[in-house]
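Here the structure is laid out as structure tokens; the discussion comes afterwards.
The values are calculated or read from the model by the stated rules, or taken from the named source; none is laboratory data. All values reported here derive from a predicted model rather than from experimental measurement. Reconstructed Cβ throughout: ideal geometry from the backbone, glycine too, with neighbour counts over all protein chains shown. Side chains are part of the model used for accessible areas, which takes the heavy atoms of the whole protein and leaves out ligands, DNA and RNA. Shrake-Rupley method; radii C 1.70, N 1.55, O 1.52, S 1.80 Å.
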Amino acid sequence: MCLIQALCPIVKTPFCLMAAAGKAAAFHLPPLPTVGEIIKLFRLRAQKELSQNFLLDLRLTDKIVRQAGKLKNAYVCEVGPGPGGITRSILNAGVQQLLLVEKDTRFIPGLQMLSEAAPGKVRIVHGDILTYKMEKAFPNHLKKSWEDEPPNIHIIGNLPFSVSTPLIIKWLENVSKRDGPFTYGRTQMTLTFQKEVAERLTANTGGKQRSRLSIMSQHLCTVESCFVIPGQAFVPKPDVDVAVVHFTPLVQPKIQQPFELVEKVVQSVFQFRRKYCCRGVEILFPERERLKKTEQLMMAADVDPTLRPVQLTMSHFRNLCNTYRKMCDEDPNLFAYNYREELRQKKRKRSPESTDRLEETVEENPL
């Protein structure tokens, strides 16, 4: 007996047989308990420490899935499906195969119910998406050249706030190196973020939300903000609204330098976002040659040192990264230099009674 038959004896038609019988026709999930009923059935509670919020309105989950594009016969990886609201919308879109990566074991039984309702379509992995090896997740025949159209593979997820930023940074690095989920080509992503994070991802030059995250994402991908979901649509209700963002990797990155180098330059510039951009550039260099090297870099990159970080265009950052790369090639030890480590070394040499401040206040979360 199917798990869903056992849990829902009031429905006389076997769900598993219905799903199998309809396999040749356009696929649609058979009648199932609602997401709310699944939550009650398995006594699921959103854990605040994991920043979990459930989306129960299937009209909204359908809308999220539509932002991914045409999914009929596509291969999809859903990140953190939880009680399975978006999962149902993905399956109803007619996908060929759905991979579910879920870290929380409490959600597995409910996801197994959906798997039984869609025979042969669902694969459940109990694991952490931050460490899961996506490069072996799908068949090799789906791989496309980077210059071709994106492969028929999509990543979709309602991400917990606590994991969304480190995860997109990890995937952006994968885009840069063309590994992980991007082994298959320019895999597209449709993900939810806290509204403020989404605004940073899509911020234009001069915008108040322009940040490290803006440059790192936009130099590698086309980033589109799709729509905003009000916080009250979630259970429990978060203190903020949520935005859906769609990513398509670019054929050519706007800054053609290694990910680590671009990240170091961009992070340094935005370290002091309210000061002139030259202040952040300074911390790329050891103190003994800081002023000289900073002036050299700014002049060679043709960047006005009195511009604020948010005023720098992508071209400015490209020039800064290209020039810094040349300086690193000339001085192999330069890239390894760490501003904070130099501060720590200075602190050890000072007397314990000293109360002088060694670091300026970091005025923004680096992301």
Distance (nanometres) between label positions extended 7 Å along Cα→Cβ at Val251 and Arg288: 4.8
Low-density loop positions, trypsin sites (Lys or Arg not before Pro), segment 90-147 - DSSP coil, at most 14 other Cβ in 10 Å: Lys133, Lys143
Segment 35-249 - Rg (one decimal) and Dmax (whole number), Cα, Å: 16.4, 51
Distance between modelled label sites at Ser145 and Arg123, nm, 7 Å Cα→Cβ extension: 2.7
Antiparallel bridges, percent of DSSP beta bridges restricted to the chain (to nearest 5): 45
Above-threshold pairs, the threshold being 20 Å between Cα atoms, out of Lys177/Lys208; Lys293/Lys347; Lys72/Lys254; Lys70/Lys143; Lys133/Lys264: Lys177/Lys208; Lys293/Lys347; Lys72/Lys254; Lys133/Lys264
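Which whole-number percentage describes the relative contact order of the chain, with Cα contacts under 8 Å and a sequence gap of 6 or more? Write out the running numbers ahead of the final one.
On the way: 602 pairs, mean separation 46.8, N = 367.
For the chain, the relative contact order is 13 percent.
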Approximate shape of segment 259-349 as ellipsoid semi-axes (Cα gyration tensor, √5λ), whole Å, largest first: 20, 15, 12
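Please give the length that would be gained between Ala26 and Lys63 if that part of the chain were fully extended, namely 0.36 nm times their separation in residues minus their C-alpha to C-alpha distance (nm, one decimal).
Values: separation 37, 0.36 × 37 = 13.32 nm, distance 1.96 nm.
In short, 11.4 nm is gained.
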Solvent-accessible area, 1.4 Å probe, carbon plus sulfur percent, for segment 78-180: 49
Spin-label model distance (nm) - Arg344 vs Tyr276, 7 Å beyond Cα toward Cβ: 3.1
Extended-chain gain in nm, criterion 0.36 nm per residue less alpha-carbon gap, Glu224 and Asn204: 6.0 nm
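Under a 1.4 Å probe, what is the accessible area of segment 259-349 per residue, stated in Å²?
Details: 4920 Å² over 91 residues.
Computed with neighbouring chains in place, this is 54 Å² per residue.
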Label zone at Asp304 (point 7 Å along Cα-to-Cβ), backbone N below 15 Å, segment 271-292: 276-278
Descending semi-axes in whole angstrom, ellipsoid equivalent of the chain, from the Cα gyration tensor: 46, 22, 17
